[in-house]
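Contents: one structure, followed by commentary.
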Amino acid sequence: MGLFFSEVVGALIQLLIFSLLPFLLWAILARTHTSFRSWIGLHAPARISAPLVAWSFLIVVATFALGVGIQWLLAGAPVAASKFAGLGYAALPAILVFAVFGTAFGEEIFFRGFLLKRFQTLMTFQRANVLQGVLFGLIHGIMFFTMLPFFSTLLIVVFTGAIGWSLGMVNERLAGGSILPSWFIHASANLLAGLAMAFELFTVTPAA
C-alpha cells in the first residue's frame, strides 16, 4: 500500500502545483462573473459526437504506440510508469491514481484549461494551440536534457508537443471548450502505460 499512498500524496501535490496559478488569476480577474470550473473548461462537452469519440480513441492509441516506440529508442531510461514495472495486480490501485489524477488532471487544468484559453484571448486559436503544445513538449522534455542525447530529448519534446496540440484541438474544436475529453485521453494513455509496465507487456531492448 506504500506505493498507493505515495501516488495519492503525489497526485495532491501535483494538482496543487498546476492549479495554484490558474486559481489565483481567476480569483483576481474573473471571480465576479464566472466560476473557476467554467473559466478552465471543467464542464461536460457540448455534445458527444462521433468525431469526438473517434479522435479521442485515435489519440489514445497513437500516444501509447508512439510511447512504446520512444521507450524502444530510449531503452534503459526511466519514465513515469517505471515504478510499476513487474508489480502486476498489486500495482492496480496505484496505477489508477497515477493515471487519472497523478499528472493528467493537473496538466489538463494548466495547459488546456488555463494556458490555451488565456492565450486565445491574445491571439488566434491556431497560434494559441501551437504555443501551448510547444510549452507542453518542453516541460516534458526538459528533465532529459542532461540525461539523454540531443536527438532523444528532441524526440520527447516533439512527441509530447504534438500530443498537447492534438488535445487542444479535440477540446476546443470538438467539445465546446471542455477539458474533460483531453483529461480522459491523457488518463487512458497513462493507464495503458502503467498496465504495460506492471504486467511487463513489452520487453524494451536497445535499438542498436
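Quick note: the coordinates plus some simple rules give every number you see, no bench work behind them. Owing to the predicted nature of the structure, the values given are computational and were not obtained by experimental measurement. Quick reminder, even Gly has a Cβ in these numbers, built from the backbone with ideal geometry, and neighbours come from all protein chains shown.
The modelled label-to-label distance between VAL61 and ALA30, using points 7 Å beyond Cα along the C-beta direction, is 3.4 nm. Each 5 Å bin, from zero up to the one with the longest distance, holds this percent of the alpha carbon pairs of the stretch 131-208: 3, 14, 16, 19, 21, 15, 7, 3, 1, 0. Size descriptors for the stretch 4-50, from the alpha-carbon set: Rg then Dmax equal 14.4, 39 Å.
Over all pairs of different C-alpha atoms, the chain has a mean inverse distance whose reciprocal, the Kirkwood radius, equals 17.8 Å. Which one of MET143, PHE18, ALA189 has its Cα pushed farthest toward the positive end of the charge dipole of the stretch 1-199, where Lys and Arg give +1 and Asp and Glu give -1 at the Cβ? After comparing all options, I get PHE18.
Calculate, in nm to one decimal, what ALA44 and TYR89 gain on full extension: separation in residues at 0.36 nm each, minus their alpha carbon distance. Value of the extension gain: 13.0 nm.
Ranked by how many other Cβ atoms sit within 10 Å of their own Cβ, fewest first, the residues TRP72, TRP26 fall in the order TRP72, TRP26.
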